[in-house]
Structures are given as structure tokens and as C-alpha cells.
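Report on the following structure.
Values quoted throughout were computed directly from the atomic coordinates according to the rules given, and no laboratory measurement underlies them. As the structure is a prediction and not an experimental result, all values here were calculated from the model. Counting neighbours? That spans all protein chains shown, and the Cβs are built from the backbone with ideal geometry, glycine included.
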Amino acid sequence: MSDNLKLGVIGGGGWLGGAIVASLLDTGLADPEHLTLSYRSERPDRFPGARWTRDNQQLADRSDIVIVSVRPADWPALAINAQGRLVISVMAGIRLQQLSDQLNTKRVVRALPNAAAEVGKSYTPWVASSDLDDRDRLAVQRIFATCGNADEVTSEAEIDYLTGLAGSGPAFPALLATAMMNDAIKRGFHPDVARRAVDAVIVGAGRLVELRDECPGDTVERFLSYQGTTAAAIEAMRSAGFDAAVRCGLAQALEKSVDMGNCPAS
Ligand SMILES: NC(=O)c1ccc[n+]([C@@H]2O[C@H](COP(=O)([O-])OP(=O)(O)OC[C@H]3O[C@@H](n4cnc5c(N)ncnc54)[C@H](OP(=O)(O)O)[C@@H]3O)[C@@H](O)[C@H]2O)c1
């Protein structure tokens with residue numbers, strides 16, 4: 001990717017858009033002076049040197065690559081002509097054909113980072129229209145590599161599924177931690193102690209995965225083989241429906257992702 005590549009982020013002041021911009025700047029992949037960022041209500045006080053605008057057409061006109069990071073509910077109202085631009089959407093549910101039709105460009109990508117982009121630890125699957133060339137693909141991969149790992153996948157169905165698994169992913173360890181914390185509090189533990197305990201579980205488990213590079217299934221088997229307290233907990237959680245609850249949750253996320261793509265364009 002050229003060092004002088006001009007990038008625009010629609011919704012650059014939002015949670016995910018801002019995280020992507022911060023990663024692009026931190027890694028030096030983008031220079032502030034080549035960045036155009038748009039906002040809707042209040043101009044964010046971030047990213048000095050980048051150009052902020054409310055005018056998304058102006059953003060598209062100044063950019064080679066346009067990243068769309070507004071909520072899916074705000075997508076139908078987004079009317080810009082991005083002809084000749086590479087457009088990368090990080091919106092859940094919105095399909096390649098919808099992006100192409102509404103933004104008037106054939107070079108479109110549907111990507112699904114997650115909230116861990118904020119700390120450079122996202123996993124971002126992406127799928128591209130057939131009009132992208134190798135240079136475009138390299139640019140997309142390099143953009144998402146700034147905020148974690150990224151893989152090109154071959155179908156939108158994979159993105160729909162991974163929207164739940166990876167896109168929502170950081171919420172799930174938090175869900176487990178909340179259930180554990182609530183249990184500890186019900187048993188009389190001080191909330192601060194319960195909080196510190198579960199925080200350490202989540203952070204420590206993440207670091208172990210990162211440093212050991214061990215498959216999660218192998219970790220579970222290793223604990224089961226001790227036949228101690230952890231095995232007792234895992235077996236009880238599984239017989240209470242843990243795996244089925246996860247399957248059911250991921251199926252609901254998949255259904256929601258497909259449904260979100262059914263919203264009409266404006
Ligand atoms: N956050 C995640 O973990 C995550 C994970 C995967 C995918 N995503 C996707 O990422 C997208 C953004 O999510 P988010 O969590 O970052 O939401 P967010 O924090 O609400 O950010 C969206 C931003 O878009 C701005 N915006 C809306 N309409 C606009 C317009 N017409 N022009 C310029 N800016 C506009 C909003 O500005 P105002 O505040 O002024 O309204 C807001 O700053 C969503 O489509 C979501 O599906 C998010």
C-alpha cells in the first residue's frame with residue numbers, strides 16, 4: 001500500500017471507526033494528513049492533523065479507500081457516490097451487493113472486526129467483490145492487520161456466521177465473567193473481590209492462549225484429565241447445557257446478521 005494512500009472513515013469518531021483509525025496511525029500505515037474522518041453530531045476531539053468533516057461526499061472525493069463504520073440502522077440514509085473508490089464496510093449484516101448498489105462502486109469489501117481492535121487484538125474476517133485486484137486485497141489485509149489478525153474468506157455466509165463468533169466475540173468472555181461474578185456475590189463475596197477475581201481469570205486466560213498457542217479444546221482436556229475441581233465444574237456446566245447454550249447463541253447471531261442485511265436502501 002502506498003504510504004500516501006488517502007483514506008476516509010465514515011463514522012471515524014465511533015467506537016470501532018475510532019479504534020481502526022487509532023491503529024492505522026499507531027502503526028504508521030496512515031498519515032494524519034491523508035486521513036479524512038466524518039462525524040454526524042459533534043466533532044470528535046481526536047486524531048490531530050486528520051481532516052474532520054460532516055460531508056461524506058467530500059470525504060469520498062478526497063479518499064482512495066473509504067471505510068464505512070456507521071451502525072447498520074444509519075446505513076440506509078448514507079447516500080454518497082464512491083465511484084472508483086475501494087469501499088470497506090465494517091457494518092454487521094450489510095451485503096456486498098447493497099454496498100455496491102448504494103455507493104456506486106464495484107470494488108467493495110465486507111469486513112467484521114471486533115471490539116478488541118481498540119487494543120490491537122481484533123480478529124477480522126473479510127470478503128471482497130470479484131472486482132478487487134491483488135493490490136486492493138493487500139491494502140485491505142494491511143489495514144486490518146494494524147488492529148489484530150485478519151483473514152480473507154470466500155463467502156458472505158462465512159461473514160454472517162463469523163459476525164456472531166468473532167464480531168461479537170469479546171462480549172462472550174464478559175458474559176461468562178458476569179455470571180461467575182454474580183455467583184460469587186450471591187455467595188457473599190464483596191463485589192470488589194469478585195470483580196478482581198473474574199478480571200484476572202479473563203486476562204490471565206487470554207495471555208495464556210496468546211503465549212502458549214494452545215488449542216482451547218486441548219486446554220479443556222488437560223484440565224479434565226486432572227479429575228479435580230475444574231473437571232467437576234466443566235462437567236457440571238456441560239451437563240447443564242453450556243455447549244448447547246453457546247450453539248443457540250451463535251445461531252441467533254447468524255440469523256440476526258442475515259436479517260440485518262434485509263433492510264431496504266433509502
Ligand atoms: N463495536 C463493535 O464491537 C463492532 C464489532 C463489529 C462490527 N461493528 C460494526 O461497526 C459499526 C460501527 O459500530 P460502533 O460500535 O463503532 O458504533 P458507534 O460507536 O455508534 O459509531 C458509529 C459512528 O457513526 C457516526 N455516524 C452515524 N451516521 C453518520 C453519518 N451519516 N456520517 C458520519 N458519521 C455518522 C456516529 O456519529 P454520532 O455519534 O454523531 O451519531 C458514530 O460516531 C456498526 O455497523 C457495527 O455493526 C462494531
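Things to note:
- Size of electric dipole in the chain: Cβ of Lys, Arg +1 and of Asp, Glu -1, about Cα centre, debye, nearest 20: 560
- 3J(HN,Hα) along the stretch 211-220: 7, 8, 6, 9, 5, x, x, 5, 5, 4 Hz, from the Karplus curve 6.51 cos²θ - 1.76 cosθ + 1.60 with θ = phi - 60°, whole Hz, x for Gly and Pro.
- Estimated FRET transfer efficiency (residue 199, residue 4; beta-carbon r; R0 30 Å; 0.05): 0.10
- Residue 174/residue 55 FRET efficiency (R0 30 Å; Cβ-Cβ; nearest 0.05): 0.25
- Full-extension gain in nm, residue 133 to residue 186, via 0.36 nm per residue minus C-alpha separation: 13.4 nm
- Cα-centre dipole for the stretch 171-258 with unit charges at Cβ (Lys and Arg positive, Asp and Glu negative), debye to 20: 300
- Angle between the chain longest axis and helix 171-186 axis [Cα atoms, degrees, rounded to 10]: 40
- Amide proton proximity set for residue 67, modelled H, under 5 Å, gap of 5+: 8, 9, 10, 88
- Cβ-based charge dipole, the chain, positive-most Cα from 17, 29, 181: 181
- Projecting the Cα positions of 234, 198, 261 onto the charge dipole of the stretch 187-266 (unit charges on Cβ atoms of Lys, Arg, Asp and Glu, taken about the Cα centre) puts 198 furthest along the positive direction.
- Most mobile of 25, 16, 254 in a GNM of the chain (Cα contacts under 10 Å): 25
- Interatomic Cα distance distribution for the stretch 171-258, bins of 5 angstrom, percent: 3, 12, 15, 22, 24, 16, 7, 2, 0
- The stretch 27-32 - phi-based ³J(HN,Hα) in whole Hz, Karplus 6.51/-1.76/1.60, Gly and Pro as x: 8, x, 5, 10, 9, x
- With Cα atoms defining each centre, the stretch 133-175 and the stretch 237-256 are spaced 21 Å apart in the structure.
- Rounded to two decimals, the Cα-based Rg/Rh of the stretch 7-155, with Kirkwood Rh, is 0.92.
- Backbone N within the stretch 148-189 under 19 Å of label point (7 Å from residue 73 Cα along the Cβ vector): 168
- Kirkwood-Stokes translational diffusion coefficient of the stretch 85-175, alpha-carbon pairs, 25 °C, 0.890 mPa s, µm²/s: 187
- A simple charge model with +1 on the Cβ of Lys and Arg, -1 on the Cβ of Asp and Glu and nothing else charged puts the dipole of the stretch 7-155 at about 240 debye relative to its Cα centre.
- Projecting the Cα atoms of 75, 52, 141 onto the dipole axis of the stretch 7-155, where Lys and Arg carry +1 and Asp and Glu carry -1 at the beta carbon, places 75 farthest toward the positive end.
- In the frame of its principal axes, the chain has Cα extents of 62, 36, 33 Å, reported largest first.
- Remark: for residue pairs 106/256; 121/186; 6/106, the C-alpha separation exceeds 28 Å in 121/186.
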